[in-house]
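See structure below.
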């Protein structure tokens, strides 16, 4: 009897686990457009004339026929800008948090001593004009939900292939409830190794994709180095989830990632054309 109870409990845990990691697998066909091109991480950037997340880096990506991955945040006065870090220190040399600044303040700063400045998302969308697909990461710094709301407003007017992604499942849930037609993806990695300051339960849930039942992502964007992670492989093999590899930085890493992923975000090299 004790053995039977144990087996029943074990079976219940397995079923619950599989239900927790189950994403939305009804829109995989809509991700095919992202499989046709390589995705340039923060644009096709360099450190001299076209810094990351700059208009020039995005122009170069479009001219090269690459898709674009970019990051969005909201300024204190509600402007949606393209920038990765919470602090302006690394890219602009100013020790201030972007979300605490208004747009007029940050517009005076240059990116890495180039002529480029932090762009407005609306200017990037206008320049791209639907010519290449976009993967837009929503940063949770400041107020991630307000950022999601602002992005949704912009994308309603955009004519082009795009999707959103975030490490924060609450942001994806917002899109699930309020703008469900937008493709959404869960960003993740092995948090046990890459974010040791987070509580253990957050690392467990996020590493193992246990919030998929809540956010119902259409794709999983995972650190390609941990492609063998169990939940990720179950999503790929059992649920046939679209997997996006971030961030490959050499031809060798690209070949390594091909075994599990179908969409590739690259950085630091120029990949060969997709076949």
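Rounded to the nearest 10 degrees, the angle from helix 169-178 to the longest Cα principal axis of the chain is 80 degrees. Each residue of the range 80-156 gets 101 Å³ once the volume of the Cα convex hull is shared out per residue.
Measuring nothing but alpha carbons in the chain and taking Rh as the Kirkwood radius, the Rg to Rh ratio lands at 0.99. Of all DSSP bridge pairs formed entirely within the range 1-160, close to 40 percent run antiparallel.
Note on the range 117-275: Kirkwood radius taken over Cα pairs, Stokes-Einstein applied at 37 °C and 0.692 mPa s, translational D equal to 197 µm² s⁻¹. With respect to the chain, whose longest principal axis is taken over its alpha-carbon atoms, helix 55-64 is tilted by about 70°. Using every pair of distinct Cα positions in the range 186-275, the Kirkwood expression returns a hydrodynamic radius of 13.7 angstrom. Working note: Cα gyration tensor of the range 69-113, eigenvalues times five, square-rooted, sorted largest first, giving semi-axes of 15, 13, 9 Å. Taken over the range 1-117, the alpha-carbon convex hull comes to 194 cubic angstrom per residue. Taking the C-alpha atoms only, the angle from helix 144-155 to the longest principal axis of the chain is near 70 degrees.
Only the coordinates and a few stated rules stand behind these numbers; no lab work does. Keep in mind that what you see is a predicted model, and the values were worked out from it rather than measured.
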